[in-house]
Every structure is written in structure tokens, then in C-alpha cells.
């Protein structure tokens, strides 16, 4: 089979304080699996092929990367199967338009969609996009290979586990659930040669803090927890599997030699679960003397990180890490099944700061059932973490992701209609707009709390440690960032000129 995998452009709101451009590690893994099975694969990277291009869209949004017409023009005309990645439900309305355009240009070519969004909302996506008839659900490497083989033989697709399908009569069906991959060390390395990787590396693009030529990697798969705001249990189940530390270090060393990387960003859902594993990795990486830094930008747990672990984290090159308590209210933590001990997290954070790690805190406010008192407790907790030395914070207003337990609850309560407006405002984190999903706090009050949380954290941080304010100003002026907050603020300021421009893609 000749397979073309497509990554859409990044869709952001210019007023968002997020919006990093990252190499497509998921598609690179899928491409490697297909190629190893004997298929001919190409990737059309809608971001990486022109990361400097920005196109204003309707609704005050901006597409970063190729336009839809440019993507369609890059798809090989003799493709036997076209796959499109959809990681974020906030981009669904734009992905839907891209699916329609690809299908119109290649009406006889099977079009397959996969990724977090389509795992969580496959039937909804096929209902809202009649041209879409095949979705890969969950972990994709084995499913996409079996699907390609079935299509090449003209076999019945309902025999392939891990799919959501629309039958010719219009009925929706899900095939058997595919078990999670257990031998993670046997998964083929990402096919980075099919991606314009240098466009990312030379611009220092990635999810973490700018520390030079940054490579994305996965040290584990899955997450053992069941937080009600997260779609991970549906996508990955609750099985966490870590790679062999030695193999992981071999891969890093290979990237240093081949791509001259200076930093690694780990995109794991929960990278640090077992203390023995992280110590083995840190000590092994330190022994290789590769002279690189590495980061945990997506958040991790604190339970396995004591003073000894944080010492080895820094010694092995780790410079930035995120803790994700999500709330400072014990009542909220219990409601969302966030199994975190706040006192233990504080002890872990103090040890990390003492060992020179730059620590960021992830917080969510406005969760269903939260009260004013819960949010005030969270803001007070942030000031406490600031006193203990946390450098950075991300305060996000709750957004109900498809596939999460809270999403299903809000749909049942008819507080979500799955409209284009809902998807458009799902996760852009616009600093000027807020939607409340708790009956106890209005949207205006929640927006005030969002700003207040940032203000009290950073005001106290600079009050407790005035040298940090001077360093932040210097870093913003020189664009040599040390924290995600500095990086996000710099990116926000650089995007403001795009906000007034609006046109169709």
C-alpha cells in the first residue's frame, strides 16, 4: 500500500497563552509501524513544512503551518490510503473541513482518522462529517498495519480490532477492543526521516522551554490514574508501561549523534511513577556523558520524587519539570479522583527547588461542583507553593474534553451540545474569554479568579525572591527563557499582531 499520513496545521487563538509547535511524534511512530510492515509511507506535516506561515481564520483563530489547499496539493495522487491525525478536539471543526477537502480531491481513496480526538469522539465525528467512515480507536501502531493489510486484500474491516466504522447503510459500529501494546521496547523507533525535522530543531520548536535543538520522546505509555477531567483512561486505559532505561538512553545518544540535539522533551502522560526506574534512567544517562538537558513539560507525579531523586534528575541534565496537583482544595481533589497528597507534593517540590530544578505547577479551576471557597483555597495553595520556591504556574479554566468522565456527565446534564461553538472554545485558553461549567461560579467570576491566580502567584514569587523578577525581564528581552511562563508570555506578545485579522482558510 502507498500510504500518506497527514498532520493538520496548528489552530490557536492569538490571545491564548499556549500554542507550542511540536514535531509529530505520534505520526512518526505510526509511519514506522507501517513501513516495517512493508508499506510505502509518506508524511505531509502541515506544521513542519512551513512553521513560519500564519493564516488568519474566522472566529479570531489562526492556523500555523500549511493551508488546507497546500496540504491537499502535497498528497501523492496514487495514494492507496490517506490517514489524518486529530489530537485535540479544540481543532475538530477545522480538521473536519480538511477531511472534506481531502475526500473531495481523492473520492476513491480510503480516508482514515486517528488520534486522541477520534478515540474519544469517533461516532460523533463520523456523524458530523459524513465523508469520514473509518477511525482508529486507541493505540494505533498495530491497528493501522492490520487496517492497511485488510484494505489491500479487500477484506471485511469489521474483523480488524480497534476500529470505529460507518457501514454503507449509515450505521455505526465499533470492532473488538484492541489490547494495549505490552512489549513497548519492541515498538519501532519513530520514522523521523519522513518529517521535516530540521525545521523544528533549527527553530528550537517544542513543548518544553527553549534549550536549543529539542527532540520529543516518550519514556512510557499510559497513566495509572483515573482523573475525571482527563480522556487518558479511554485512550490508554489505566495501564502504565515504561521503556527499558538502557534502550531509552541508546535512543537519546543516537539523536545526539544523528541530529546534534541539545535537549530532550518527554511528552509522557505521567513520566515518573516508579522511583527505581527514574533513578536507573538518571544514573545511566549521567554515565553516558552526553552533555544534554532534558525536561518534563507535560507534568508528572510527585510521589516518587524525593530529595535523592531530584538530585539525580538535575545531575543527569533535567532542568525543567511540572507538577500537576490541579487543585489546592481537598474536596475538589476527591471529586475529580486526583490521588495526590498536597503535603507530600510540597515536600517533593522543596527538594526539587533545592536541587536547582525549575518547577512549574499545573492548576485547573472551574471544575464542576467547585465553589468560590474551593478556588480561593487553590489560590492560597499557589501562594504557598510560591513561598516554597515554585518558579512557574499554568492556571487553566476547566474544559470538558470528549472521552472524559466529566464530559459524559455534562452531556447527560445537557450542558454541552457538541456544537461548533463548543469545540471552538474548548481548549484555546483565551485570556479574555471564560466559560464556567460549575453552577456555583459565574463565567465572569471565574475569569477574575483566573487572572487573580496568576497575579497572586507571580506577585508573591517576585516579592519572596526579587531576583527572579530581574531575571524574567532579562530573559524576555533576550529571548533566553528559563521557564514555560516566560516562553508562553514571549510567544503571546509576538502573536498579538495577528488577533485583529480574520478571514476564511
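Read-outs throughout are calculated quantities, based only on the coordinates presented, and are distinct from any laboratory measurement. Since the model is a prediction, treat every value here as computed from it, not as a measurement. When we count neighbours, we look across all protein chains shown, and the Cβ atoms used for this are built from the backbone with ideal geometry, even at glycine.
Some points to look at:
- Between 0 and 90°, nearest 10: helix 25-36 axis offset from the chain longest Cα axis: 40 degrees
- Using a cutoff of 8 angstrom between alpha carbon atoms and counting only pairs six or more residues apart, the relative contact order for the chain works out to 16 percent.
- Shape analysis of the range 94-199 places it in the oblate category; the axes a ≥ b ≥ c from the Cα gyration tensor give an a/c of at least 1.5, with a/b not above b/c.
- Per-residue ellipticity at 222 nm from helix content only, as computed over the chain with -39500 (n - 2.57) for each DSSP H run of at least four residues, stands at -12000 deg cm²/dmol.
- 0 to 90° range, to nearest 10: angle between helix 466-478 axis and the chain longest Cα axis: 40 degrees
- Overall form of the range 2-174 per C-alpha gyration tensor (a/c, 1.5; a/b vs b/c): prolate
- Taking the C-alpha atoms only, the angle from helix 443-464 to the longest principal axis of the chain is near 50 degrees.
- Ranked list, fewest to most other Cβ atoms within 10 Å of each Cβ, for 296, 151: 151, 296
- Cβ crowding within 10 Å averaged over residues, with 175-181, 26-32, 240-246 ranked highest first: 26-32, 240-246, 175-181
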